[in-house]
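**Q** I am attaching a structure below and will ask some questions about it afterwards.
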Amino acid sequence: MAYKFFPHTDDDIRSMLNTCGAKSIDDLYSDVPDELVFKEDYDLPEAMSEIEIRQYFDYLGAQNSKLTCFMGAGCYDHYSPSVVNDIVRRSEFLTSYTPYQAEISQGTLQYIFEYQSMMAELTGMEVSNASMYDGCTATAEAMMMAVANAKKRNKVLISETVNPIVIRVVETYAKFHGVVVEKIAAEGGVTSRADFEAKIAKDDVAGVIVATPNFYGILEDYTGWADLCHEHKALLIMNCVASALGVIKTPAEWGADVAVGDGQSLGVPMNFGGPYVGFLCTSKKLIRKMPGRIVGATKDADGKRTFVLTLQAREQHIRREKATSNICSNESLMALYVTIYMSLMGKKGLREVNELGYSGAHYLAEKLVKSGKFELAFPDKPFLNEFAVKTTQDIDMLQTIGALEGFNVGLKIADDTMLICVTEQRTKDEIDDLADLLIDPLPEEAENEENNNETV
Amino acid sequence: MSKIIDGLYYSESHEYVKVDGEFGYIGITDYAQHELGNVVYVDMPEVDDEVAAGEEFGAVESVKAASDLLSPVSGTVVEVNEALEDEPGLINKDAFENWIIKVELSDKSELDGLMDAAAYKAMIGE
Amino acid sequence: MNNVYYGKLIFELSKEGRCGYSLPENECADYKMADLPANLMRAEAPALPEVDELTVVRHYTNMSNNNFGVDTGFYPLGSCTMKYNPKINEDMAAHPAFTGLHPLQPAGTVDGALEVYYNLQMSLAELAGMSEFTLNPFAGAHGELTGLMIIRSYHMDRGDVKRTKIIVPDSAHGTNPASAAVCGLDVVVVKSRPDGTVDVEDLKPLLDDTIAGMMMTNPNTLGIFEHNIAEIAKLVHEAGGLMYYDGANLNPMLGKVRPGDIGFDVMHINLHKTFSTPHGGGGPGSGPVGVRKGLEQFLPNPRVMKDDVDHFYVENNDKSLGFISGFLGNFAVIMRAYTYILTLGYNNIKNVGPLATLNANYIKESLKDCYELPIGGVCKHEFVFDGLKDKSTGVTTLDVAKRLLDYGFHSPTIYFPLLFHEALMIEPTENESKETLDGFIEVMKTIAREAKEDPEMVKSAPHNTPVRRLDDTQAALHPIVTYRELQAEA
């Protein structure tokens, strides 16, 4: 039975069975009725060596296309410094579990404390949990938190300018949790103030979910929204792009009660969709209503400053069906990515990342619009590094040709509209190449013209 | 051995009612606080909330446990013990002195269904 | 352990003017972020630390030294299946042909990734005896919730809307009732018999036309195989309910029993337990959910499918319960689990369960003279002691757990399940050698002796760890959860 992960020699097995008073390992399954035992071989491949596995994944990898990424929509191609990936692979972090035994888990507990501190700084909120699965589920958890907080209300409003990928997860949770989700209409790329005012005035809303920057990359003006929510006893929940919070007005500055979102944009690779890391920050007043793990500071028997999981009595392993959420763990290792990333980028780095994205995106937008083949979907609306453009060209065709040329040109969000994002990783050459491709996707004619010119 | 006070009414889920005219002070017993350990948080209702006999009106939490508070009687909350917000450990110091809510009783006959000190003492086996 | 750096937070290493990054020059600098309306921008930069790169590296390297992982030593944490996380898994998860993929990349540019997803879900279906899996759920608890949503969708689709209750054994993990509550189901508890298995007689009266289904962990949280499972499944099915298998304890079943063969309709698997993906200090995990034939249409969107010409594609289904994740789950975790299955192959994977079970029984039999074994007989991959046999010393399960840390072992799971007062739940995995187990057994016996000879020393353990026992009462009474609060306190 010995294999590279199984150290058992035949002698070991004999001697251990002897201690157990059993003749064979099958004896240890004597409590399993024979008719329930699986007696065949699994229909799976035979064991592969490391060499064969590498070859196989190289083959599979070759079926993917590595594209220069101009797509955002909730997942962003930011740069993650080498330090991040190096540290997160340290096995002391990687192969540990939830830090129940605080005395031998200070590494994990401390970085979670640092993570909470950094997320609180970034969002401006007072407290943060230890992280959640992703931005979509964190928003759904915030929705349930608002309903639990309101006690007798079960309606939540969500702006149509929130990323539809987030909305559909919130709607799924709501459907099963008995929450009614009503949309607040979008007008010209931003949430309709009039529709919001009409719906909040009914005094039956537990929470209101809006986004910053919103799905179209637009920075909306939420002046007065929090006051109106609070006047009608609803929580204001703000779904944010984490990286942008380095420069844009924070949920706390808008007066929000809960800030949620995905931390992927802070040093986590795109990884075809996961793992990412959801964040959820709130006020001290609502800390006990907050789902998920929390790490707190305390002292040990010698008076040394230490960190420990705290407020655990809110959690599923103690409160069972009355817990604030069913979440057990956090997305710990991904929180470590974020923590190291923010340690390196510091106060100024995030600003610089956003500045580069802003410049590249505005340069590209202007170039596309000047061509006459594109127009901004929402002209005059302020955006950071992501924007929607309208075109009469076939967007599917642009994507296909783009992919052949090595570009992920952006996301089709309507028949005539696409969403494009520029991060600090995109060089001016790449932006120029993309612009050329989008403006003139079938350049054969141009080449022919050139050839004609030569002959003339 | 836990402290038990004569003249109070006790529930099977370890809450007590101290009756004062039309009002009742509700808290958890000394036995309950001892079982729970250091109380770190008391989740309390708001003034004017209605409570019903046998139904949950809050919870007490220790570090590694939480216990729902079941109201022994029905009525309207007229006061909550705000001192517990800052210092929940008062319950460990004296569970009978530090009641949790004060209720205007809506049906005093409900008290007949509760235990007296002797019966409660027998129930907890002391 | 090097404790020179212990205790400093990264914020406390910050000095204005230092920086730990470099970025390219702005080639489009004519476009300035300062042109954005000031009222949409934050007033002050976030108070993040300013540190140089080496300081960051040393800080986190030294912090890691205050941690204990499977690579550090034996980690018999019951119910968590802390098996070895093979290094090749990490290399494959970091394969550059996969890590740079955007989840919404156009069809035809991610075929390799979809093939990995599809192949893993089919491998899990084969191992579990199910028809199809979704790999979208992010963790075990998320899988449970997804599975319960499938059960509710099944009943709603049939117009059977009154089925809003779910039966959960009293020995179940707290996540089961918590997931049920999130899913809008009311929990009905069924009692255990003295031998730790579900009391079938207690179950019968609970079964009526309001029951959506029943959740079971098998072997249960005591490490005992629910031998009445066939009868239980029959009863629940006759009452119109579905059977949910909580895959927390799937490991001992590998090579022996497939949940789909013994009456379960819906189940989840924790890839971070049974399929060797690292626990990462508490995530990222992955909680694939499988269904038997006839329930596939209720799986969450998006679904990865294969057509007749072996072409992979993503599909959204109208009957689906909806979306429970942004994209296709924790893909990098999926890469690791698939690598593990390929590494073991059918010829080794069948030995996982038997060897894990052998290891658990070996420890149980070796220690039952010193520790109270409340339920005798064979166990599966784990078992529960109810504290020390000699209760007169006043040494509790917590003390034993802390003393183990001094000897370089991680502690077992303690005070769970709740059926016993001093529960000590031990799960060695199939990766541990007889020598490691013997070392652990020896130390457990030593601690039992110390409890008699020097109880105070055991009660004040640990003594050799980076920090001593913590004041968790103070932490819960006055929560300090950010550096800013810590500063305000000082």
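**Q** Over segment A:82-341, what number does the Rg to Rh ratio reach, with both radii from the alpha-carbon atoms and Rh per Kirkwood?
**A** On the Cα set of segment A:82-341, Rg over Rh gives 0.97.
**Q** Using θ = phi - 60° and the Karplus form 6.51 cos²θ - 1.76 cosθ + 1.60, what ³J(HN,Hα) does each residue of segment C:306-316 get, whole Hz, x for Gly and Pro?
**A** My calculation for segment C:306-316 gives 10, 8, 4, 9, 6, 9, 9, 8, 10, 9, 10 Hz in order.
**Q** Tabulate in residue order the Karplus-calculated ³J(HN,Hα) for segment C:460-474, using 6.51 cos²θ - 1.76 cosθ + 1.60 with θ = phi - 60°, rounded to whole Hz; enter x for Gly and Pro.
**A** Values per residue, Gly and Pro as x: 9, 5, x, 10, 10, 8, x, 9, 9, 4, 9, 8, 7, 5, 4 Hz.
**Q** Considering only chain C, what is the antiparallel percent among its DSSP beta bridges, to the nearest 5? Don't skip to the end; give the middle numbers.
**A** On the way: 19 of 37 bridges.
Bridges in chain C are about 50 percent antiparallel.
**Q** Evaluate the Kirkwood expression for the hydrodynamic radius of the protein assembly as shown, namely the inverse of the mean inverse distance over all pairs of different C-alpha atoms, and round to one decimal in Å.
**A** Working: mean 1/r = 0.0330 Å⁻¹.
With all distinct Cα pairs of the protein assembly as shown included, I get 30.3 Å.
**Q** Just order C:339-346, B:58-65, A:29-36 by mean Cβ neighbour count inside 10 Å, highest at the front, would you?
**A** C:339-346, B:58-65, A:29-36
**Q** Which of the lysines could a cross-linker span from C:K368 if the Cα-Cα distance has to be under 21 Å and same-chain partners fewer than 8 positions apart are dropped?
**A** Counting by Cα, and skipping residues close in sequence, C:K368 has these lysines nearby: A:K23, C:K380, C:K389, C:K391, C:K402, C:K434, C:K445, C:K452.
**Q** Report the net charge of residues surrounding C:A93, where surrounding means a beta-carbon distance below 12 angstrom and charges are Lys +1, Arg +1, Asp -1, Glu -1. Don't jump to the answer; show the numbers that get you there.
**A** Numbers: positive: A:R89, C:K87, C:R336; negative: C:E90, C:D91.
So the environment of C:A93 carries a net charge of +1.
**Q** Turning to a different aspect of this structure: By per-residue mean of other Cβ atoms within 10 Å, what is the highest-first order of C:60-69, C:459-468? Display every interim value, and only then the final one.
**A** Details: C:60-69: 22.9, C:459-468: 19.3.
Per-residue mean Cβ counts within 10 Å order the peptides as C:60-69, C:459-468.
**Q** Scattering from the C-alpha atoms of chain A alone, worked out with Debye: what is log10 I(q)/I(0) at q = 0.07, 0.08, 0.11 1/Å?
**A** Computed log10 I(q)/I(0) values: -0.47, -0.59, -0.97.
**Q** Okay, next question. In this model, which of A:K304/C:K87; A:K183/C:K162; A:K175/A:K367 are farther than 32 Å apart at the alpha-carbon?
**A** Correct reply: A:K304/C:K87; A:K175/A:K367.
**Q** Give me the percent of Cα-Cα pairs in segment C:10-61 that sit more than 15 Å apart, rounded to a whole number.
**A** Roughly 63 percent, once rounded to a whole number.
**Q** Roughly how big is the protein assembly as shown's charge dipole about its Cα centre, with Cβ charges of +1 (Lys, Arg) and -1 (Asp, Glu), in debye to the nearest 20?
**A** Here the protein assembly as shown has a charge dipole of around 1500 debye.
**Q** Determine ³J(HN,Hα), in whole Hz, for all residues of segment C:322-327 in sequence, where each value follows from phi through the Karplus function 6.51 cos²θ - 1.76 cosθ + 1.60 and θ = phi - 60°; x replaces Gly and Pro.
**A** Coupling constants for segment C:322-327: x, 10, 10, 8, x, 10 Hz.
**Q** Also: Could you give log10 I(q)/I(0) at q = 0.12, 0.15 Å⁻¹ for segment C:20-98, computed by the Debye formula over C-alpha point scatterers of equal weight, without solvent?
**A** Evaluating at q = 0.12, 0.15 Å⁻¹ gives log10 I(q)/I(0) of -0.78, -0.95.
**Q** Provide the descending list of Cα extents for segment A:92-169 along its principal axes, expressed in whole angstroms.
**A** Principal extents (largest minus smallest coordinate, Cα): 44, 27, 25 Å.
**Q** Just to confirm my numbers, what's the Cα centroid distance between segment C:38-76 and segment A:403-445 in Å?
**A** 36 Å
**Q** From the convex hull of the Cα coordinates of chain B, what is the mean projected area in square nanometres?
**A** That works out to 6.8 nm².
**Q** Right, another one. When C:D195, C:D308, B:D48, A:D43 are ordered from fewest to most other Cβ atoms inside 10 Å of their Cβ, what list results?
**A** Result, fewest neighbours first: C:D308, B:D48, A:D43, C:D195.
**Q** Right, something else. So what's the convex hull volume per residue for the Cα atoms of segment A:26-111, in Å³?
**A** Hull volume over Cα atoms, normalised by residue count, gives 297 Å³.
**Q** Something else about it: Once you have all Cα-Cα distances for segment B:59-106, histogram them in 5 Å bins from zero and send the whole-percent values.
**A** 5, 18, 25, 29, 15, 6, 1, 0
**Q** Compute the semi-axes of the equivalent ellipsoid of segment C:101-349, taking the square root of 5 times each eigenvalue of the Cα gyration tensor, and list them largest first in whole Å.
**A** On the way: eigenvalues 178, 85, 47 Å².
Equivalent ellipsoid of segment C:101-349: 30, 21, 15 Å, largest first.
**Q** Using a 10 Å cut-off around each Cβ of peptide C:125-134, what is the average number of partner chain Cβ atoms that fall inside?
**A** Going residue by residue through C:125-134 and averaging, the value is 1.
**Q** In µm²/s, what is D for segment C:352-465 at 20 °C and 1.002 mPa s, where D = kT/(6 pi eta Rh) by Stokes-Einstein and Rh is the Kirkwood radius from Cα pairs?
**A** Using the Kirkwood radius from Cα pairs, D works out to 152 µm²/s.
**Q** Please compute, for peptide C:182-188, the average count of beta-carbon atoms on other protein chains lying within 10 Å of each residue's beta-carbon.
**A** 5
**Q** On to the next question. When only Cα pairs under 8 Å and 6 or more residues apart are kept, what is the percent relative contact order across chain A?
**A** Taking the mean separation of contacting Cα pairs over the length of chain A, I get 19 percent.
**Q** Restricting things to Cα coordinates, could you compute the convex hull volume per residue of segment C:315-394 in Å³? Each step should come with its number before you reach the end.
**A** Numbers: hull volume 18.4 nm³, N = 80.
In segment C:315-394, the Cα hull volume divided by residue count equals 230 Å³.
**Q** Which far-off residues, 5 or more places away or on another chain, put their amide H under 5 Å from the one on B:Y41, with H placed in the peptide plane?
**A** Here B:E61 satisfy the definition.
**Q** Counting other beta carbons within 10 Å of each residue's own, what order do A:C281, A:C229 fall into, fewest first?
**A** Ascending number of Cβ neighbours within 10 Å: A:C229, A:C281.
**Q** For segment A:10-61, what is the convex hull (Cα atoms) projected area averaged across all directions, in square nanometres? Don't skip to the answer; put the middle values down first.
**A** Numbers: hull surface 25.2 nm².
Averaging across all directions leaves 6.3 nm² for the Cα convex hull.
**Q** May I pose another question? How are the alpha carbon pair distances in segment C:244-357 distributed across 10 Å bins from zero to the largest one, expressed in percent?
**A** 12, 37, 39, 11, 0
**Q** Something else now. Express in whole angstrom the spacing between the alpha-carbon centres of segment C:148-183 and segment C:400-475.
**A** 36 Å
**Q** Would you report the distance distribution of C-alpha pairs in segment C:159-289 as whole percents per 10 angstrom bin, up to the bin with the largest distance?
**A** 12, 44, 33, 10, 0
**Q** Separate question: For segment B:83-111 and segment B:11-53, what is the separation of their C-alpha centers, rounded to whole Å?
**A** Using only Cα atoms, the two centres lie 5 Å from each other.
**Q** Now, a different point. Write down, largest first, the equivalent ellipsoid semi-axes of segment C:86-199 in whole Å, where each equals the square root of 5 times an eigenvalue of the alpha-carbon gyration tensor.
**A** 35, 19, 13
**Q** Would you mind giving the mean number of other chain beta-carbons within 10 Å of the Cβ of each residue in C:406-414, as a whole number?
**A** Per residue, the average neighbour count from other chains is 2.
**Q** Net charge around C:H227, counting only other residues with Cβ within less than 12 Å of its Cβ (Lys, Arg = +1; Asp, Glu = -1)?
**A** Around C:H227, the surrounding residues sum to -4.
**Q** Using 7 Å Cα-to-Cβ label points, what is the C:T61/A:E187 separation (nm, one decimal)?
**A** 5.9 nm
**Q** Quick one: grab Rg to one decimal and Dmax as a whole number for chain C, Cα atoms only, in Å.
**A** Gyration radius and largest Cα-Cα distance of chain C: 25.3, 79 Å.
**Q** Within 10 Å of each residue's Cβ, count the other Cβ atoms and sort C:S276, A:S371, A:S128 from fewest upward.
**A** A:S371, C:S276, A:S128
Throughout, read-outs are computed from the coordinates displayed, never taken from laboratory work. Just so we're clear, the structure is a prediction, and the values are computed from it rather than from any experiment. Quick reminder, even Gly has a Cβ in these numbers, built from the backbone with ideal geometry, and neighbours come from all protein chains shown.
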